[in-house]
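Notes to accompany the following structure.
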Amino acid sequence: MLAPSECVPSNLTTEIADGVLAMAKSADGWCVALDRESMSCGIYAERPMVCRRFEMAGPYCSAIFDGAGRA
């Protein structure tokens, strides 16, 4: 979920409930801000707090992905 004060381009977000915004996912479950060629964040310097706290291969990551890159 994105904090109201975070300025993420609207094409990278989705409304999940009651007007709350979150980072959008591609059809394969990966974040739409992911640059597929470099496999790095396309908005890294401006990424939201939720992304800054996200630890790849950490418990939250494992809860979201089944290990095959699918949500």
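Each value in this text was obtained by applying a stated rule to the coordinates, not by laboratory testing. No experiment lies behind these values; they were computed from the predicted model shown. For neighbour counting, all protein chains shown are included, and Cβ atoms are generated from backbone atoms with ideal geometry for every residue, glycine included.
Key figures for this structure:
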{"read-out": "Cut-off under 5 Å, modelled amide H: who pairs with A24 long-range", "value": "T13, T14, V32"}
{"read-out": "Inter-site label distance for T14 and E46 at 7 Å from Cα along Cβ, in nm", "value": "2.2"}
{"read-out": "Gain upon complete extension [S38, C7; 0.36 nm per residue less C-alpha separation]", "value": "8.8 nm"}
{"read-out": "Global form of region 5-50, assessed from the alpha-carbon gyration tensor, a/c cut-off 1.5", "value": "oblate"}
{"read-out": "Peptides 9-20, 26-37 ordered by average Cβ neighbours within 10 Å, highest first", "value": "26-37, 9-20"}
